[in-house]
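Heads up, the thing below is written out as structure tokens.
The values are calculated or read from the model by the stated rules, or taken from the named source; none is laboratory data. Since the structure is predicted, the reported quantities are computational estimates derived from the model, not experimental observations. In this analysis, Cβ positions are derived from the backbone assuming ideal geometry, glycine residues included, and neighbour counts consider all displayed protein chains.
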Amino acid sequence: MGVGDASFVLGDGPVAVLLIHGLTGTPTELRKVAQGLAKRGYTVYVPTLAGHCGNNDDLQATHWRDWYASALNTFEGIRKVHEQVFVGGLSMGAVLSMHLAAQRPGEVAGLLLYSTTLRYDGWNMPWVARLTPLFMAFPFGVHICRFNEKPPYGIKNPRLRAIVERQMKAGESADAGLLTMSGISVRELHRLVAEVKRGMPSIKAPALVLHSSEDDITSRWNADYIEAHIGGPVTKVLLDDCYHMITVDLQYPKVISLSAEFIQLHARELAQAC
């Protein structure tokens with residue numbers, strides 16, 4: 001279950017769901033969805049990735065393979081007690097989910113990909129964000145890039161946005177994540193994305209791709225790219241009236257219902273095939 005005390009498990013059903021949080025994020029961003037799926041009869045595991053829920057020094061001391069190891073170790077533990085395991089995540093967590101599916105063919109029952117981040121190209125991102133791969137190519141370029149979270153913080157709901165902003169500014173990283181993302185972390189995300197893109201055609205597990213049409217961090221291009229390049233069947237749904245953090249924003253009930261329907265459908269198909 002990763003590291004620290006922020007990880008949690010909800011539910012006690014035979015079908016398991018592993019949900020992975022995003023870069024600089026926290027398991028809290030997946031709690032509402034986890035609660036909704038647990039109420040529908042699934043066991044939901046939400047680990048803390050290495051380097052997260054602490055400070056920026058903690059995060060910079062880790063690499064993407066450390067983040068992936070946290071997810072993989074949890075998955076391997078789940079597989080010992082659950083025959084069917086669905087894997088998903090938010091933002092960078094969705095990217096890690098695809099990597100796990102590529103590395104463990106036939107073991108992932110389905111993918112739940114929420115606001116997948118292959119590149120930072122949403123409407124609230126600075127233009128320089130698109131040049132980060134160029135900066136990374138120069139010596140010491142990794143130290144040039146540094147991004148500070150700014151309103152609306154991926155959240156359209158004004159009440160929730162105010163709470164998250166207060167928590168981030170107070171340094172409550174276990175609840176709201178970090179306010180700043182270093183160039184080192186961005187570099188590691190780029191390396192992860194490059195690895196996942198290479199393996200995407202080999203992924204045969206069915207995928208539910210949920211993305212906001214108003215995403216302020218990552219545009220719908222990210223969802224379209226998955227649909228065009230992943231090797232398995234894709235169900236893509238674009239959500240309105242929410243921003244990047246679809247698992248907590250105004251449309252989170254729809255995220256829960258669409259996810260539950262997807263899991264029910266493919267869990268039944270797998271059971272019938274056996």
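When the range 65-104 is filtered for residues that are under 25 Å from Arg268 (Cα atoms) and of a type in the set (S, T, N, Q), the ones remaining, listed by number, are Thr74, Gln84, Ser97, Gln103. Within the set Thr116, Thr132, the sole residue that is modelled with pLDDT of 95 or more, surrounded by 17 or more Cβ atoms within 10 Å (Cβ to Cβ) and of a type in the set (S, T, N, Q) turns out to be Thr116.
Taken over the range 76-98, the criterion of being surrounded by fewer than 23 Cβ atoms within 10 Å (Cβ to Cβ), assigned to a helix (DSSP H, G or I) and in contact (Cβ under 8 Å) with a residue 12 or more places away in the chain is satisfied by Gly77, Ile78, Arg79. Kindly establish whether Ile155 is part of a loop (DSSP other than H, G, I, E, B), closer than 18 Å to Leu23 by Cα and not small (Gly, Ala, Ser). Yes: the conditions hold for Ile155. Within the option set Gly51, Gly22, Gly41, being assigned to a loop (DSSP other than H, G, I, E, B), buried (at least 19 other Cβ atoms within 10 Å of the Cβ) and without any contact (Cβ under 8 Å) to a residue 60 or more places away in the chain holds for one residue only, Gly51. Considering only residues in the range 232-274 that are among the β-branched types (Val, Ile, Thr) and part of a helix (DSSP H, G or I), the one that is surrounded by the fewest Cβ atoms within 10 Å (Cβ to Cβ) turns out to be Ile256. Mind listing just one residue for me: the one in the range 209-231 that is crowded, with 16+ Cβ neighbours inside 10 Å and of a type in the set (A, V, I, L, M, F, W, C) and, of those, nearest to Gly199 (Cα to Cα)? My answer is Ile230. When restricted to residues that are in a helix (DSSP H, G or I) and either among the aliphatic types (A, V, I, L, M) or closer than 17 Å to His21 by Cβ (or both), the range 159-170 contains 6.
I'd like the full set of residues that are small (Gly, Ala, Ser) and in a helix (DSSP H, G or I), limited to the range 171-213. Ser173, Ala174, Ala176, Gly183, Ser185, Ala194, Gly199, Ser202 - these are the residues of the range 171-213 that are small (Gly, Ala, Ser) and in a helix (DSSP H, G or I).
Residue-wise test of (1) without any contact (Cβ under 8 Å) to a residue 24 or more places away in the chain; (2) under 18 Å from Val87 (Cβ atoms); (3) hydrophobic (A, V, I, L, M, F, W, C).
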site: Ser213; (1), (2), (3): no, no, no
site: Gly231; (1), (2), (3): no, yes, no
site: Val234; (1), (2), (3): no, yes, yes
site: Tyr243; (1), (2), (3): no, no, no
site: Ile263; (1), (2), (3): no, yes, yes
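Screening the range 99-110 for residues that are small (Gly, Ala, Ser) and within 18 Å of Val44 (Cα to Cα) and picking the one that is surrounded by the fewest Cβ atoms within 10 Å (Cβ to Cβ) gives Ala109.
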